[in-house]
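Notes for the one structure printed next.
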Amino acid sequence: MAIEIERKFLVKGNGWRNNAVGQVYRQGYMSTEDGITLRARVAGDKGYLTIKGPSFGNSRSEYEYEIPIEDAEEMLNSLCSSPLIQKVRYKVDHGEFIWEVDEFSGDNQGLIMAEVELNDENQKVELPEWIGEEVSHDQRYSNSNLSKNPWKNWSSV
């Protein structure tokens, strides 16, 4: 079984932008029932289908498969709920980790989050100075929930 272990944080400031290379992502959700998500994604010129299981702490099962980009585009346009998640994902080296910083657009414009993937739940992470509040356990910040309740609709953040 493929396990994803990650922590998520809000981002403060622009210190992460130095030498960060970004790629446009579009993704949508076909199902988000009982903690299980089925997602289609286009990242650059590649398409993906991803199935994620329920979260337990910072861990969850994850199965991701590359699919033809035409299939991913068709799924986004015909099978996924609106609004789609639109963002630029940047890879940022810090210490022994590569952080993924997501700068959202569309209905989540203004939201910037960073995540780091770990080898185990208790792995120590040196936080960069541009890391803000941890939101790993705040489900409002999951991409699947941001597609249902976009950040622009929140009354206070």
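The values are calculated or read from the model by the stated rules, or taken from the named source; none is laboratory data. All figures in this text were calculated on a predicted structure; none of them were measured in a lab. Cβ atoms come from the backbone with ideal geometry, glycine included; neighbour counts cover every protein chain shown. Just so you know, the surface numbers come from the protein's heavy atoms only, side chains and all, with ligands and any DNA or RNA stripped out. Shrake-Rupley method; radii C 1.70, N 1.55, O 1.52, S 1.80 Å.
Data table
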item	result
Sum of side-chain charges, Pro54 neighbourhood, beta-carbon under 11 Å (Lys, Arg +1; Asp, Glu -1)	0
Residue among Gln23, Gln86, Gln123 with the largest mean-square fluctuation in a Gaussian network model of the chain, springs linking Cα atoms under 10 Å	Gln123
Accessible area of the chain divided out per residue, in Å², using a probe of 1.4 angstrom	55 Å²
Estimated distance in nm for a label pair at Lys148 and Glu134, the labels positioned 7 Å out from Cα along Cα-to-Cβ	2.5 nm
Of Val92, Gly110, Pro68, farthest towards positive along the dipole that unit charges on Lys, Arg, Asp, Glu beta carbons give the range 49-157	Gly110
Matching label, Rg and Dmax of the Cα atoms in Å computed from the structure shown, candidates [x] 15.2, 42; [y] 15.7, 51; [z] 14.7, 50	[x]
Selected from Asn119, Gly53, Leu146, residue furthest toward positive end of dipole (the chain; charges at beta carbon)	Leu146
The range 89-157, dipole about Cα centre (Lys/Arg Cβ +1, Asp/Glu Cβ -1), debye to the nearest 20	460 debye
Gaussian network model of the chain, springs between alpha carbon atoms under 10 Å - residue of Ser78, Ser59, Ser144 with greatest fluctuation	Ser78
Solvent exposure ordering (accessible area, 1.4 Å, most first) of His94, His137	His137, His94
C-alpha long axis of helix 69-78 to longest principal axis of the chain, angle in °	80 degrees
Charge dipole magnitude, Cβ of K and R +1, D and E -1 - the range 11-157, Cα centre, debye nearest 20	480 debye
Size of electric dipole in the range 63-120: Cβ of Lys, Arg +1 and of Asp, Glu -1, about Cα centre, debye, nearest 20	280 debye
